[in-house]
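The values are calculated or read from the model by the stated rules, or taken from the named source; none is laboratory data. Keep in mind that what you see is a predicted model, and the values were worked out from it rather than measured. Cβ placement follows ideal geometry from the backbone for every residue including glycine, while neighbour counts extend to all protein chains displayed.
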Amino acid sequence: MAIKIIVTNYSALRNKGYTESGIKSIQKELAALIKADKDRGITTTVVDVSNNDDVAHHNAPVVTSEKDEKQSKDTIDKVFHSAKPDYLMILGSSDVIPHQTLNNPHTNHHESSDVDLTVPSDLPYASETSYGDGGKEAKNYNNPSRVVGRLPDLTDGHDLAHLVRLIQLAAKSVPSPRKEYDNYFGLSAEVWKEGSARDLTYLFGNSTALHLVPPETSPWKPPTPLGALIHFVSCHGTFSNPEWFGESKDGGGNEIPPLAMASDDIKQNITYGTIAAPQCCYGAELFSTKTSPGIPLCSTYLDNGATAFFGSTNVAFAQQGSCKYADLITRTFIEEALKGQSIGYAALKAQQDYVKQNSSLNPFSLKTLAQFILLGDPSLKPVELPPQVAETDTQSATADRRRQALIAARTLERGVSVPVAITEARISPEFETVLREVGQQHDFPSDASLSSYDEVWQGDSATVEGTGQPPRQHVLYAVRDPSAPVRTDIALIIREQQGAILSVEKLHAV
């Protein structure tokens, strides 16, 4: 049988207001999930990282503070190495088992108008790299090999009914025929129509169910298109806000953008088993319920029956005319889930394939890898496997997937380059002038911030030394309209080697 470990922190749950009777209710529902998993061929164990007996069984240290990211990473690593699970499920929000706060690869060594100094991430939990070796640098965790997902409660809240419902929904999950997932709900800001249509055509062979905002807007009136089992969204998200917004192709200036999605649209309108993969900024931000007028849209999705939500914890980016950043990782996630994989494996495959296709990682592709997280029980398979595959989907096949994931991760460690910041002093004034001229050609302001990076290959050092100066990446960064109600960040990535411009990419915040 496959193995699933559920890690949680009961002390943290108590600290945020869950009563003892509430904890017992959670444990009762987890017991029901364990039974349901057994019927699905999975042996599931709950590990309370704040309980000495639970962690001692895995020769792991107890977590004494739910805010200590190193403790949580170290303990979960020990548990993983001991149990060797096929699935690792984190139960609780970031105030129960913390996100790993990684430095933003773009802002880590340079001043800029980028508001994200850090990236809340679950990527390190999927990596064999220890906290001691990886620290807070995203580039050290570009080798995910574990199937990880988080079933979150509400941050700074203790809504027992909400958490119990999420566990119950996971327990009753059953795969549906593939054809039921042919119906999709595409939602896009009008300004990004072409890219959204391209991605939907790639996934489904058409873009006929793509809805643009504007002209359409929330509220979505019955009969709504939200009953489709796939939700692929490319709209604006904003910090600690349970709403998504559109944008006209002519821009909106300082006007309030048209509302694309709100909590009331999701409630009782989505179908059980929905798979949602929004590219939106802050799509999977688990913000505090104490400081917001509502709960995150990702939590509303899960509370109303969505099986999987794959989204970003902060400002995400895409490239007009190309599928390489937020659009690529979300599209690959849906593609893999539609094959009948578990949603956790679909997320892992999306991460690994993303690194393969961006083998020369830049600060924004590295940020994309770190910021997209899976919310949901990673062992769930919402889509039925094809019959010929299901017949051979045995324990040996599961073990083979584990081996393949580890092999792929080790290959990624040696086969990609990562951006390493270089000082402004190493960029001559003459070449900075060249870079800013390129920026002007792409409508970047003259005062855009500039940062530069060496592409450092992680392979054999002797080979690296023999290849001469590695390519460099230069990033111009600006905010089109600082007073706009949504993020209008833009970035220009200029790749250069020995003074020759190799490529130019223009990115925009989603």
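Does any residue of the stretch 202-211 turn out to be of a type in the set (A, V, I, L, M), under 23 Å from Phe333 (Cβ atoms), touching a strand residue (DSSP E or B) at 6+ places or on another chain (Cβ under 6 Å) and surrounded by fewer than 23 Cβ atoms within 10 Å (Cβ to Cβ)?
Yes; the residues of the stretch 202-211 include at least one that is of a type in the set (A, V, I, L, M), under 23 Å from Phe333 (Cβ atoms), touching a strand residue (DSSP E or B) at 6+ places or on another chain (Cβ under 6 Å) and surrounded by fewer than 23 Cβ atoms within 10 Å (Cβ to Cβ).
In the list Lys367, Lys339, which residue meets the criterion of being in contact with a strand residue (DSSP E or B) (Cβ under 7 Å, 6 or more places away or on another chain) and at pLDDT 95 or above?
The unique qualifying residue is Lys367.
Any idea which residue in the stretch 293-325 is farthest from Pro363 (Cα to Cα), counting only those that are of a type in the set (A, V, I, L, M, F, W, C) and touching a helix residue (DSSP H, G or I) at 6+ places or on another chain (Cβ under 6 Å)?
Restricting to residues being of a type in the set (A, V, I, L, M, F, W, C) and touching a helix residue (DSSP H, G or I) at 6+ places or on another chain (Cβ under 6 Å), the top hit is Leu302.
Based on what the data block shows, is Asp265 closer than 16 Å to His231 by Cβ, in the same structural domain as His211 (by TED's automatic domain parsing), buried (at least 24 other Cβ atoms within 10 Å of the Cβ) and touching a residue at least 40 places away in the same chain (Cβ under 8 Å)?
no
Residues are listed down the side, and each one gets a yes or a no for (1) farther than 26 Å from Asp303 by Cβ; (2) crowded, with 19+ Cβ neighbours inside 10 Å; (3) modelled with pLDDT under 95:
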{"position": "Lys70", "(1), (2), (3)": "yes, no, no"}
{"position": "Pro105", "(1), (2), (3)": "yes, yes, yes"}
{"position": "Tyr141", "(1), (2), (3)": "yes, yes, no"}
{"position": "Gly149", "(1), (2), (3)": "no, yes, no"}
{"position": "Val164", "(1), (2), (3)": "no, no, no"}
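State yes or no: is Thr64 part of a strand (DSSP E or B) and at pLDDT 95 or above?
No: the conditions fail for Thr64.
Can you tell me which residue among Pro215, Pro222, Pro177 is surrounded by fewer than 18 Cβ atoms within 10 Å (Cβ to Cβ) and modelled with pLDDT under 95?
Pro222
Assuming Asp95 fulfils every condition listed in (1) over 27 Å from His474 (Cβ atoms); (2) in contact with a Pro (Cβ under 9 Å, 6 or more places away or on another chain) apart from one, which condition is it?
If we test Asp95 against (1) over 27 Å from His474 (Cβ atoms); (2) in contact with a Pro (Cβ under 9 Å, 6 or more places away or on another chain), just (2) comes out false.
Filter the stretch 273-326 for residues that are in a strand (DSSP E or B), of a type in the set (Gly, Ala, Ser) and over 16 Å from the mean Cα position of the chain (by Cα) and give the result.
Selection gives Ser322 alone.
From the list Ile90, Ile97, which residue is under 15 Å from the mean Cα position of the chain (by Cα) and outside any helix (DSSP H, G or I)?
Ile90 is the lone residue from the list that is under 15 Å from the mean Cα position of the chain (by Cα) and outside any helix (DSSP H, G or I).
Just checking, which of Val115, Val164 is assigned to a helix (DSSP H, G or I) and either touching a residue at least 60 places away in the same chain (Cβ under 8 Å) or more than 30 Å from Val479 (Cα to Cα) (or both)?
Result: Val164 is the single residue among Val115, Val164 that is assigned to a helix (DSSP H, G or I) and either touching a residue at least 60 places away in the same chain (Cβ under 8 Å) or more than 30 Å from Val479 (Cα to Cα) (or both).
Any chance the stretch 135-150 includes a residue that's closer than 18 Å to Gly237 by Cβ, within 17 Å of the chain's Cα centre (by Cα) and among the polar types (S, T, N, Q)?
Checking the stretch 135-150: not a single residue is closer than 18 Å to Gly237 by Cβ, within 17 Å of the chain's Cα centre (by Cα) and among the polar types (S, T, N, Q).
Working carefully through the options Glu465, Glu437, Glu413, Glu455, find the one that is among the acidic types (Asp, Glu), assigned to a helix (DSSP H, G or I) and modelled with pLDDT of 90 or more.
Testing whether each residue is among the acidic types (Asp, Glu), assigned to a helix (DSSP H, G or I) and modelled with pLDDT of 90 or more leaves just Glu437.
Does Pro120 count as surrounded by 24 or more Cβ atoms within 10 Å (Cβ to Cβ) and in contact (Cβ under 8 Å) with a residue 60 or more places away in the chain?
Criteria not met by Pro120.
Which one of the conditions (1) crowded, with 21+ Cβ neighbours inside 10 Å; (2) within 26 Å of Arg40 (Cβ to Cβ) does Ala171 fail to meet, given that it meets all the rest?
In the conditions (1) crowded, with 21+ Cβ neighbours inside 10 Å; (2) within 26 Å of Arg40 (Cβ to Cβ), Ala171 misses (1) alone.
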